[in-house]
Amino acid sequence: MGRICIVTADITRLKVDAIVNAANSTLLGGGGVDGAIHRAAGAELLAYCRTLGGCPTGESRITPGFNLPAQWVIHTVGPVWQGGDQDEPGLLRDCYVNSFKLATEQGCRTIAFPAISTGVYGYPKRKAAIEALSVMGDWHDRFDEITACCFSQSDADLYHALCPKCLVGD
């Protein structure tokens, strides 16, 4: 049985099998974690992503990690928050589930997720964390370690409050 860990860290520095990128639908980089992953992975990631033809909301695509410590980058496109009645929770759940499926197909045993859709896409952090932890709980027995990689200590505190049995560390 795997464990769920909560860390405050730069996801581009984590030594895991796969990191998840909260991407936009073009997969060609952007701001926030998406831009950071593209910068850290190098120009090869952008060149590879250009061959994928984008990605619809709720779906995921996988690429090599190139210059990252992670072997794989799983790009997923989260929903833009529009009040919660445009199937945002279902689409966010799909992001996590589809990312886990791709990781499993590649034989990954460790995976790290950012807080998908909570930046410029405006998804309320608490609602997003509840959804993320729910799906992580559904998949934890298929991985050695699932990491919720938080941008700030306040985000990590929120995740820990929602999952007191999760391991906390940096």
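Structure summary
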item	result
Percent RCO, i.e. relative contact order, over the range 15-106, from Cα pairs under 8 Å lying at least 6 residues apart	32
No Cys partner within the rule (Cβ under 4.7 Å), the chain	5, 49, 55, 95, 108, 149, 150
Correct option for Kirkwood radius over Cα pairs in Å [calculated from the coordinates] among (1) 30.5; (2) 18.6; (3) 15.5	(3)
Charge context of residue 37, other residues only, Cβ under 14 angstrom, K/R +1, D/E -1	0
Length gained when the stretch residue 25-residue 120 is fully extended (0.36 nm per residue, less Cα-Cα span)	32.8 nm
Nearest-0.05 FRET efficiency for residue 130 and residue 106, computed from C-beta distance (R0 30 Å)	0.65
222 nm mean residue ellipticity, helices alone, for the chain (DSSP H n ≥ 4; -39,500 (n - 2.57); rounded to 500)	-11000 deg cm²/dmol
10 Å Cβ shell holding at most 12 others, DSSP loop, trypsin sites (Lys or Arg not before Pro): longest site-free stretch of the chain	16-164
Residues of type lysines that residue 127 reaches as a straight line, Cα spacing below 20 Å, ignoring anything fewer than 8 places off in the same chain	165
Relative contact order (percent, whole number), the chain, Cα cutoff 8 Å, 6+ residue spacing	35
Net charge dipole size for the range 1-105 [Lys, Arg +1 and Asp, Glu -1 on Cβ; Debye, nearest 20]	360
Contact order normalised by residue count of the range 71-147, Cα under 8 Å, 6+ apart, percent	36
Reach of residue 15 by Cα under 14 Å, taken over aspartates and glutamates that are not fewer than 8 positions away in the same chain	144, 145, 170
Computed lengthening from residue 3 to residue 157, 0.36 nm per intervening residue step minus Cα-Cα distance	53.7 nm
Full-extension gain in nm, residue 67 to residue 48, via 0.36 nm per residue minus C-alpha separation	5.5 nm
Simple Cβ-charge dipole of the range 88-170, Lys/Arg +1 and Asp/Glu -1, about Cα centre, in debye nearest 20	140
Charge context of residue 69, other residues only, Cβ under 12 angstrom, K/R +1, D/E -1	0
Candidates 18, 43, 156: whichever shows maximal mean-square fluctuation once the chain is modelled as a Gaussian network with Cα springs under 10 Å	43
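Each value in this text was obtained by applying a stated rule to the coordinates, not by laboratory testing. Computed from a prediction, not measured in an experiment: that's the story for all the values here. Glycine gets a Cβ as well: all are built from the backbone with ideal geometry, and neighbour counts include every protein chain shown.
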